[in-house]
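Visitor: After the structure tokens below, expect a handful of questions from me.
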Amino acid sequence: MKMLLGIDIGTTNCKAAVFDETGKCMKIVSRATKAHYRENGQAFYDPNEIWEIVSANIKEAIVDYKQSVAVIGITSMAETGLLIDRKSKLPKTEMIPWFDKRAMEETEYIFKSSDPIERFSKSGLPPSFKYGLPKILWLKKHDSDITKDAVWLSASDFIAFKLTGEFGTDYSLAARTYGFRIDEKIWDAPWLNTFGLEETLFPDAQLAGTPIGEVNNQDCIEYGLSKGTPVAVSGHDHVCAALAVGAVNPETVLDSMGTAETLVGAFKERKLGEKEFKSGLSYGCHVVKDRYFWMGGNPSSGGSIEWIRSQVSETQLTYDEMLRLLEEASEGPTGILYFPYLSGSGAPNPNPYAKAAFIGLEKNHGRKDIIKSMLEGTAYQLKLIQKAAEEIAGKEITKVVAVGGGTKNKYWMQIKADVSGCTYSIPDISESTLLGAAMAAGIGSGIYRDEQEAIDKISNQFRMEITPNEGNHSAYQSAYSKDYLMMEEVFRTYYKKQPN
């Protein structure tokens, strides 16, 4: 049986996994993604260090499957990228993460350079510091020659380049530069020219999973990858996860739970306009053909949980200890409102300057209540996205498929169901993002005829279904509509860019 290798460059971890054609995970390897920070708050990755981590993962993952890997698919955190010198093939810059805010001024400049709705109709995106274009303008401001003979690569593109020696990307990641037209699937040359950039600064873009080259890295060949194995950029990590769980049609919505949390839905390609713009959601090319995705995220969902684990204990609170505390908490709303804006607010009302806050604390509240209120706050934030998506779809969302580490917390999942009013299904897939990357590459290489055959071959059994508790849902609905919505607007809009 042919084996498929999936690679994921994530915010917290880099992973590699070998799957068979039915989606069974044969071997998985994970190592921490090493982020570095400067005193001024800038974050960065060392591209050579990232490659060493990914290369070590590949070597360990395939040790029992040498020569059996038929295709390689790569996914990653979407907006993270760097510049590579086309001639020397060496990095010209560090790899800038999606969450780094160094390009805030450039984002403001970009926003003022065009009509936001017109730009949205072409790109599918509202302005944000996360995208590649503001990062490139920031780099160019500090070195006017930095883009000469350069190519901008996402994290996925960079790993594909290291494996093949070829430059390429997919539509879903190309769009996260803010320089790509999803309506025509081309680089927007006139728009890029506005900023003194050429479309040659970017690699060729194709449908996710399309091979951009073949394995040609001698080190990888020596430790077991076959020379000539097709390598594909599989696309945006959350959208790859959506493919793995079959969320490629409007009736299925994905909740991808990680450091950041994202709600993702799919629909047939159509012209985007003012209604979609006002939704506050972002849109892009799906990893399967002829579909767009809508997406809304909370940048500090799992991040909030990791933060609180270090704050309420002299040593970091273990997950088991946290679950024991949650077991002691009372049923229903805590009465505390947590606003999960540790990294600013996300969709549908993005504000990178927003700050996190607790409202309603009383002296009788303890650690268990504070922790539970954070789970409630992330659920309320996701409900904001849910309501915006329902406006676009014209119908209620009632069923959600959830993936990611957070699904192991049964209390969190019940709170999500109670707040949203949706049934939450958790598939028996431990690594949906990796599997989706492998599946997209399998489709692009002909191992699967199309996405439906790939989905049909994958055993998508659900290990758990969580339905709303009607009494709790009513109580949470009241707290959401009466309290959370009012205070959310106050806190989100209170913090704004300070004048220079």
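Visitor: Determine whether Leu317 is part of a loop (DSSP other than H, G, I, E, B), touching a strand residue (DSSP E or B) at 6+ places or on another chain (Cβ under 7 Å) and in the same structural domain as Gly360 (by TED's automatic domain parsing). Before you say what the answer is, go through the steps one by one.
Guide: Working: part of a loop (DSSP other than H, G, I, E, B): yes; touching a strand residue (DSSP E or B) at 6+ places or on another chain (Cβ under 7 Å): no; in the same structural domain as Gly360 (by TED's automatic domain parsing): yes.
Here the answer is no, as Leu317 does not meet what is asked.
Visitor: Is it the case, given these coordinates, that Asp100 is buried (at least 18 other Cβ atoms within 10 Å of the Cβ), in a loop (DSSP other than H, G, I, E, B) and touching a residue at least 12 places away in the same chain (Cβ under 8 Å)?
Guide: yes
Visitor: Does Leu382 satisfy the condition of being buried (at least 19 other Cβ atoms within 10 Å of the Cβ) and assigned by TED's automatic domain parsing to the domain that holds Thr262?
Guide: Details: buried (at least 19 other Cβ atoms within 10 Å of the Cβ): yes; assigned by TED's automatic domain parsing to the domain that holds Thr262: yes.
Answer is yes for this residue.
Visitor: Return yes when Lys275 is over 22 Å from the mean Cα position of the chain (by Cα) and either assigned to a loop (DSSP other than H, G, I, E, B) or under 28 Å from Glu118 (Cα atoms) (or both) and no when it is not. Give the steps one after another, and end with the answer.
Guide: Numbers: over 22 Å from the mean Cα position of the chain (by Cα): yes; either assigned to a loop (DSSP other than H, G, I, E, B) or under 28 Å from Glu118 (Cα atoms) (or both): yes.
Judged against the criteria, Lys275 is a match.
Visitor: Please enumerate the residues belonging to segment 189-244 that are β-branched (Val, Ile, Thr), surrounded by fewer than 20 Cβ atoms within 10 Å (Cβ to Cβ) and within 20 Å of Asp85 (Cα to Cα).
Guide: Thr200
Visitor: Would you kindly identify the helices (runs of 4 or more DSSP H) lying entirely within segment 172-261 that contain at least 1 residues that are within 17 Å of Ala78 (Cα to Cα)?
Guide: Numbers: elements: 189-193, 218-222, 237-244.
Passing ranges, in order: 237-244.
Visitor: For segment 275-289, check the following and say yes or no: at least one residue is buried (at least 21 other Cβ atoms within 10 Å of the Cβ) and in contact with a Cys (Cβ under 7 Å, 6 or more places away or on another chain).
Guide: Yes, some residue in segment 275-289 is buried (at least 21 other Cβ atoms within 10 Å of the Cβ) and in contact with a Cys (Cβ under 7 Å, 6 or more places away or on another chain).
Visitor: A follow-up question, please. For segment 441-474, how many residues are farther than 30 Å from Ile7 by Cα, touching a helix residue (DSSP H, G or I) at 6+ places or on another chain (Cβ under 8 Å) and part of a helix (DSSP H, G or I)?
Guide: 2
Visitor: Follow-up. Restricted to segment 141-164, and to residues that are under 26 Å from the mean Cα position of the chain (by Cα) and among the small types (Gly, Ala, Ser), which residue is nearest to Ser282 (Cα to Cα)?
Guide: Here is the first cut: in segment 141-164, the ones under 26 Å from the mean Cα position of the chain (by Cα) are 150-164.
Within this subset, residues satisfying the condition of being among the small types (Gly, Ala, Ser) are 150, 154-156, 160.
Details: Ala150: 28, Ser154: 18, Ala155: 20, Ser156: 20, Ala160: 26 Å.
Here the residue is Ser154.
Visitor: Here's another thing I want to ask about it. Within segment 176-187, how many residues are on the phi < 0 side of the Ramachandran plot, touching a strand residue (DSSP E or B) at 6+ places or on another chain (Cβ under 8 Å) and surrounded by fewer than 21 Cβ atoms within 10 Å (Cβ to Cβ)?
Guide: Our first condition is that a residue be on the phi < 0 side of the Ramachandran plot; within segment 176-187, this holds for 176-177, 179-184, 186-187.
Now narrow it down to the ones that are touching a strand residue (DSSP E or B) at 6+ places or on another chain (Cβ under 8 Å): 176-177, 179-182, 186-187.
This time we only want the ones that are surrounded by fewer than 21 Cβ atoms within 10 Å (Cβ to Cβ), so: 181, 186.
Result for segment 176-187: 2.
Visitor: Also, I was wondering about something else. Pull out all pairs, ordered by first then second residue, where Cβ-Cβ is under 6 Å, the residues are six or more apart or on different chains, the first lies in segment 61-72 and is modelled with pLDDT under 95, and the second is surrounded by 13 or more Cβ atoms within 10 Å (Cβ to Cβ) and not in a loop (DSSP other than H, G, I, E, B).
Guide: Final answer for the pair search is Tyr65/Met3; Tyr65/Val18; Ser68/Met3.
Visitor: Of Glu118, Glu105, Glu166, which residue is among the acidic types (Asp, Glu), in the same structural domain as Leu83 (by TED's automatic domain parsing), farther than 25 Å from Lys275 by Cα and in a helix (DSSP H, G or I)? Let's see the steps before the verdict.
Guide: Details: Glu118 fails: farther than 25 Å from Lys275 by Cα; Glu166 fails: in a helix (DSSP H, G or I).
None of the others qualify; the one that does is Glu105.
Visitor: Go through segment 75-86 and give me each residue that's within 15 Å of Pro203 (Cβ to Cβ) and not polar (S, T, N, Q).
Guide: Gly81, Leu82, Leu83, Ile84, Asp85, Arg86
Visitor: Just one of (1) within 17 Å of Asp183 (Cβ to Cβ); (2) of a type outside the set (S, T, N, Q); (3) touching a strand residue (DSSP E or B) at 6+ places or on another chain (Cβ under 6 Å) trips up Lys275, so point out which.
Guide: Only one criterion is unmet by Lys275, namely (3).
Visitor: Out of Ser88, Ser123, I need the residue that is hydroxyl-bearing (Ser, Thr, Tyr) and over 27 Å from Ala208 (Cβ atoms). Which one? Quick ask: steps written out before the conclusion?
Guide: On the way: Ser123 fails: over 27 Å from Ala208 (Cβ atoms).
The conditions single out Ser88.
Visitor: Among the candidates Gly442, Gly421, which residue alone is touching a residue at least 12 places away in the same chain (Cβ under 8 Å) and outside the structural domain of Ala354 (by TED's automatic domain parsing)? Break it down stepwise before answering.
Guide: On the way: Gly421 fails: outside the structural domain of Ala354 (by TED's automatic domain parsing).
Checking each option against the conditions leaves just Gly442.
The values are calculated or read from the model by the stated rules, or taken from the named source; none is laboratory data. Bear in mind the structure is a predicted one, so any value in this text is a computation, not a measurement. Positions of Cβ are generated from backbone atoms using ideal geometry, with glycine treated the same way; all protein chains shown enter the neighbour counts.
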